[in-house]
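> After the structure tokens below, expect a handful of questions from me.
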Amino acid sequence: MFASLNHCFIWEGKHVVLQNIFTLIIETIASVLGGVLLLRFWIQAVRVRPPQQLAQFIFTLSDWAVRPMRRLLPGVGGYDWASLIGAVLVAVICILLELGVRSALNATLIFSLSALLFFQWVFYGLIALLIIEAIFSWVNPNAPLAPFVRALNEPLLRPLRRIIPLIGNIDLSPLAALILLRVVHQLVIYLIMSLT
């Protein structure tokens with residue numbers, strides 16, 4: 001009897017480990033693809049030309065998903081809606097796969113977790129861009145990617161720079177943007193969870 005129970009526990013343990021490995025793989029692939037799609041949308045929204053190698057990487061990784069959707073979602077208003085909706089769909093598919101493995105499919109849960117994952121990509125992506133710009137400004141302001149990253153951050157930092165003055169020639173707007181992003185992120189999480 002004890003041998004049978006022990007075998008059962010071992011099997012359950014292996015099953016959980018396999019689930020966790022599958023979840024890790026799915027989340028990694030989804031995060032990379034979702035991040036690339038959001039970056040593609042933001043690049044077009046900001047109207048900035050990316051460096052050639054980066055553009056080639058982005059388009060190679062996402063064209064297969066974006067091009068078919070552009071037939072249904074034209075670029076209204078000059079925005080790449082296909083890339084944005086593509087990122088939303090990637091988040092939904094990721095959550096569906098994760099919950100499907102655990103046999104926990106539920107419409108409300110799928111909506112809330114997909115929304116949380118999507119906005120996590122948005123906020124973490126914007127935070128990463130701000131941190132990268134800060135690193136460039138400290139280490140190598142003339143790096144080839146520095147102007148591109150600055151252009152991506154400009155819509156976030158421009159309004160703050162009108163309000164926050166330089167202190168000793170130090171621009172505190174990136175720090176303020178990081179704090180605001182964290183606050184808004186927490187508010188979005190609270191709002192999504194309160195709707196479920």
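> Those residues that are surrounded by 13 or more Cβ atoms within 10 Å (Cβ to Cβ), over 14 Å from the mean Cα position of the chain (by Cα) and either modelled with pLDDT of 90 or more or charged (D, E, K, R) (or both), I need them from the stretch 66-93; list them, please.
Correct list: V66, R70, D80, W81, A82, I93.
> Quickly run through the stretch 106-147 and pick out the residues that are assigned to a loop (DSSP other than H, G, I, E, B) and either of a type in the set (S, T, N, Q) or assigned by TED's automatic domain parsing to the domain that holds I21 (or both).
As a first pass, look at the stretch 106-147 and keep what is assigned to a loop (DSSP other than H, G, I, E, B): 106, 140-145.
Once the filter is applied, which keeps residues that are assigned to a loop (DSSP other than H, G, I, E, B) and either of a type in the set (S, T, N, Q) or assigned by TED's automatic domain parsing to the domain that holds I21 (or both), the stretch 106-147 yields N106, N140, N142.
The values are calculated or read from the model by the stated rules, or taken from the named source; none is laboratory data. As the structure is a computational prediction, the values presented were derived from the model and not from experiment. So basically every Cβ, Gly included, is an ideal-geometry build from the backbone, and we count neighbours across all protein chains shown.
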